[in-house]
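Asks: Here it is, the structure in full.
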């Protein structure tokens, strides 16, 4: 790539080139090349035609709007879910999700980069969000409760202090720290990360607990088999204040799934488990002692599509993809292979949306086909509804923050690699990958 100075045009009338200017220039250079900087498309350089690029821009622009409108101006917390037909007003439900807020902080960086929202407004929202989470939201050893009141921050119900959801928040926090060249944002974000006492969440074990309740203590379930857990371990190993041993990287199992000629590492889990850590940590072109995890997710996505198409009574080339999502009967963890949950032909667009960077052609084709066929029934103010089942004439009225978030982030990673490049510029994240043995 050319020297940075050659890529960046100084502001009109002269002046200093800022980090934000540099980030814009790098993204523009990548877009001109019509591929992401590190060839995110697993099957070769991905070239967008005009319709594909327009679709991805709609998906991202409308998805980012969710994280702007369905968040508190005072706290920055993002609602766990909201209706997709609110015409710009905030959903009256008050339950926020720290995981959705992590996706939201990252989406705000994308919105700023692409000019979807005014820079001054995005900057103020990010600054306020970080300040509130550092100084006002209740925490336990640096970890946060999974669900909180969007305005007061009060814990909702009997929810746990969550290790994975705190990690998802931290990924957004660190993305903001790397994206904005502002000392206040960088200080607040750094303090939120450094406050997390990772050894406490191990609870004297070699695998992280899934959470803690003040009433009953640590959950018995641990993050001990391959899934979305990689972010927890890497954030903990890279921690500048409370690090854990890199040897813990070897503490979780990596079971192998074989399905119709596909062989890959996976638990018996929905497809999102192959997406979430990959939204921020850049595993392309790297492997540890066990696997190339990017290629592993490519294979998992292809196996998932094959699994869906093995049920022609429900799915076809223009209608496939099931991940943990809403259903007619409530929230369900379902998918395959092997078959998980009470599958009934419902499709969750985030299954393909979250795998856009892995298998671009197939995922783009199905997403575009679904919007073209079902239109406003399946696509609203913020893009796709969380799930729908046309044969049952059921279209979810809601959007879920984490499902929308993974689609927005992976669409941008496919287009420019912005989230990967920004997040991985955090030295703690790059160092953690080196400590556990990742090599080209």
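The values are calculated or read from the model by the stated rules, or taken from the named source; none is laboratory data. Predicted, not measured: the structure shown is a model, and the values here were computed from it. Here Cβ is always computed from backbone atoms with ideal geometry, including for glycine, and neighbour counts include all displayed protein chains.
Asks: Find the residue count for the stretch 261-297, including only residues that are more than 19 Å from residue 439 (Cα to Cα) and either surrounded by 16 or more Cβ atoms within 10 Å (Cβ to Cβ) or in contact (Cβ under 8 Å) with a residue 60 or more places away in the chain (or both).
Replies: Matching residues across the stretch 261-297 total 14.
Asks: Is it fair to say residue 72 is buried (at least 24 other Cβ atoms within 10 Å of the Cβ), touching a strand residue (DSSP E or B) at 6+ places or on another chain (Cβ under 8 Å) and within 28 Å of residue 162 (Cβ to Cβ)?
Replies: no
Asks: Let me ask another. Which ranges mark the helices (runs of 4 or more DSSP H) fully within the stretch 146-216 that have 2 or more residues being under 22 Å from residue 107 (Cβ atoms) and at pLDDT below 95?
Replies: So the answer is none; nothing clears 2.
Asks: Can residue 117 be described as in the same structural domain as residue 411 (by TED's automatic domain parsing) and under 17 Å from residue 64 (Cβ atoms)?
Replies: Taking the combined requirement at face value, the residue satisfies it.
Asks: Residues to consider are 407, 355, 425; find the one that is surrounded by 24 or more Cβ atoms within 10 Å (Cβ to Cβ), touching a residue at least 12 places away in the same chain (Cβ under 8 Å) and outside any helix (DSSP H, G or I).
Replies: That would be 355, the only listed residue that is surrounded by 24 or more Cβ atoms within 10 Å (Cβ to Cβ), touching a residue at least 12 places away in the same chain (Cβ under 8 Å) and outside any helix (DSSP H, G or I).
Asks: What are the residue pairs meeting all of these: first residue in the stretch 168-182, first residue in contact (Cβ under 8 Å) with a residue 12 or more places away in the chain, second residue in a loop (DSSP other than H, G, I, E, B), Cβ atoms under 6 Å, and 6 or more apart or on different chains?
Replies: 171/280; 174/426; 178/425; 178/426; 181/18
Asks: When you go through (1) farther than 19 Å from residue 381 by Cβ; (2) part of a loop (DSSP other than H, G, I, E, B); (3) without any contact (Cβ under 8 Å) to a residue 12 or more places away in the chain one by one for residue 137, which number turns out not to apply?
Replies: Condition not satisfied by residue 137: (3).
Asks: Separate question: Would you confirm, using the coordinates I've provided, whether residue 304 is more than 17 Å from the chain's Cα centre (by Cα) and either closer than 26 Å to residue 347 by Cβ or not assigned by TED's automatic domain parsing to the domain that holds residue 162 (or both)?
Replies: So residue 304 passes the test.
Asks: Can I ask one more? Considering only the stretch 84-110, how many residues are over 19 Å from residue 189 (Cα atoms) and surrounded by 19 or more Cβ atoms within 10 Å (Cβ to Cβ)? Break it down stepwise before answering.
Replies: From the stretch 84-110, those over 19 Å from residue 189 (Cα atoms) are 84-96; that's our starting set.
Applying the additional criterion that residues be surrounded by 19 or more Cβ atoms within 10 Å (Cβ to Cβ) yields 84, 96.
Of the residues in the stretch 84-110, 2 are over 19 Å from residue 189 (Cα atoms) and surrounded by 19 or more Cβ atoms within 10 Å (Cβ to Cβ).
Asks: What's the total number of residues in the stretch 245-260 that are in contact (Cβ under 8 Å) with a residue 40 or more places away in the chain and assigned to a loop (DSSP other than H, G, I, E, B)?
Replies: The number of residues fulfilling the criteria is 3.
Asks: Kindly indicate whether any position in the stretch 324-342 is at pLDDT 95 or above, over 12 Å from residue 300 (Cα atoms) and part of a helix (DSSP H, G or I).
Replies: no
Asks: Please tell me if residue 103 is under 27 Å from residue 371 (Cβ atoms), touching a residue at least 40 places away in the same chain (Cβ under 8 Å), in a helix (DSSP H, G or I) and assigned by TED's automatic domain parsing to the domain that holds residue 199. Let's see the steps before the verdict.
Replies: On the way: under 27 Å from residue 371 (Cβ atoms): yes; touching a residue at least 40 places away in the same chain (Cβ under 8 Å): yes; in a helix (DSSP H, G or I): yes; assigned by TED's automatic domain parsing to the domain that holds residue 199: yes.
Here the answer is yes, as residue 103 does meet what is asked.
Asks: Which of the residues spanning the stretch 143-163 are in contact (Cβ under 8 Å) with a residue 60 or more places away in the chain and out of contact with any helix residue (DSSP H, G or I) (no Cβ under 6 Å at 6 or more places or on another chain)?
Replies: Within the stretch 143-163, 147, 148, 150, 151, 153, 156, 162 qualify.
Asks: Does any residue of the stretch 223-244 turn out to be part of a strand (DSSP E or B), in contact with a strand residue (DSSP E or B) (Cβ under 8 Å, 6 or more places away or on another chain) and in the same structural domain as residue 171 (by TED's automatic domain parsing)?
Replies: Scanning the stretch 223-244, I find at least one residue that is part of a strand (DSSP E or B), in contact with a strand residue (DSSP E or B) (Cβ under 8 Å, 6 or more places away or on another chain) and in the same structural domain as residue 171 (by TED's automatic domain parsing), so the answer is yes.
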